[in-house]
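Heads up, the thing below is written out as C-alpha cells.
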Amino acid sequence: MTDKALQVTSPVGLIAAGGAMPFAVADCLKARGIDCVLFALKGACDPGGVERFRHHWISVGQIGRAVRLFRSEGCRDLVFIGTLVRPALSEIRLDWGTLRVIGHVLAAFRGGDDHLLSGIGRILERDGFRMVGIKDVAPDLLVPVGSLTHAGPDADAAADIAKGREVLSALGPFDIGQAVVVIDGHVVAVEDIEGTDALLARIAHLRKQGRIRAAPRRGVLVKMPKRGQDLRFDLPTIGPRTVEGAVKAELAGIAIAAGDTIVAEPQAMIETADAAGVFVTGVAG
C-alpha cells in the first residue's frame, strides 16, 4: 500500500463498466475500510454484481446527471474501471450537462480509447473531481515483479519479451493496442480493436492453418500499457481467460508490465497456468 493510496478520500466513486474488475476493486476498497459508490454504466456493467453495493445507474453521455450524483454522494475521487465498447457519437443520448461541454466531448472522441477516457476525465476534473487510478485505490490487484507461476521464461522467451516490449513502445504513440505476440523473434500479431482474447484466438487459428510453423510452446504474449498512456485509465488486464487463450495459441507464456497490469482472479489464473505449464511473469520498467 503506497502513501499515495492513503490520500484517497472516502467515499470513492467507481464508474463501473463491464467485467468483474469493478466489483474486485469495490471489494478491495471495502477491505481497506474505504466506502465506495458504484456508478454503473447502462449496457456495460453487470446488473447481478451491482446489487451488493450502494449504486446508481448512469448512461454514457449524461455527464450532467453523473456530476449531480457524484456530488450528492460526496464522491470527490473517481475511478473508471471495467471494459467498455467505444460508442458512436450518434448512439449517445446527450443531456444538458454534456451539451455544456460538447466541444471537449467531441475532442475526446477524436482519437483512440486512451485519448477518449483521459479526455472525459479532464472534463470531470474541470468540475472539481479528481480522477485516480488502481494504483491509488487497489494496489493489491496489480501484478508484482517476477514469475507468478512455477514455470518461468527461458532465454528464447526472454528475447521474445524484449522484442515485444520494443514493438509496443514504438506503437504507443498511435494508440493501437496493448499487446503483441512474438514467436522466435518474429512479430506475428499485434492487438487492435478486437482485444487480447481475439488476438490469441487468431494465433491459434493461424497455427491450425499452418501459417505459423513454429513448434508448440514457443512464443510469448507481451502486454504493456501504451507509451505515454495516462495510467489512471485502461490499464492492461489479464486473468484465467488470457491464460486459456495463450494455451490454445500454443505459446510458452505471458509477460506483463509489473505494477501497471491488473489481475482478475489471480488464484484461478495461476492455477490455470501451472496446470498447462505456461509461465506468467511480471516485467519491471
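General observations
- In the chain, taking the dipole from charged Cβ atoms about the Cα centre, the farthest positive-side position among F23, G119, V283 is held by G119.
- Dipole in debye (nearest 20) - the chain, about Cα centre, beta carbon charges: Lys, Arg +1; Asp, Glu -1: 600 debye
- Test item: Cα-centred dipole of the range 157-262, Lys/Arg +1 and Asp/Glu -1 on Cβ, debye: 440 debye
- In sequence order, the range 51-57 has phi-based couplings of 4, 6, 10, 4, 7, 9, 9 Hz under the Karplus curve 6.51 cos²θ - 1.76 cosθ + 1.60, θ = phi - 60°, and Gly or Pro positions carry x.
- Value of relative contact order over the range 142-283, rounded to a whole percent, pairs C-alpha under 8 Å and six or more apart: 35 percent
- Site pair E194 and L206 shows an inter-label distance of 0.9 nm when each label is modelled 7 Å from Cα along Cα→Cβ.
- The distance between label points at L231 and A170 comes to 2.5 nm (points 7 Å beyond Cα on the Cα→Cβ vector).
- For the chain, the mean projected area of the C-alpha convex hull, equal to one quarter of the hull surface, is 14.9 nm².
- Amide hydrogen neighbours beyond the local backbone of S147, cut-off 5 Å, H modeled: G282
- Among I176, G146, L251 - extreme Cα towards positive end, dipole of the range 142-283, charges at beta-carbon: L251
- Largest-first principal axis extents of the Cα set of the range 1-71 (Å): 34, 25, 16
- Largest first, the three principal axis extents of the alpha carbons in the range 142-283 are 38, 32, 27 Å in whole numbers.
- Over the chain, DSSP H runs of length four or greater, each weighted -39,500 (n - 2.57), average out per residue to a 222 nm ellipticity of -11000 deg cm²/dmol.
- Each Lys or Arg adds one and each Asp or Glu subtracts one; over the other residues with Cβ under 11 Å from the Cβ of H56, this totals +3.
Values quoted throughout were computed directly from the atomic coordinates according to the rules given, and no laboratory measurement underlies them. In this text, all values refer to a predicted model and were calculated from it rather than measured experimentally. Glycine also receives a Cβ, built like all others from the backbone with ideal geometry; neighbour counts cover every protein chain displayed.
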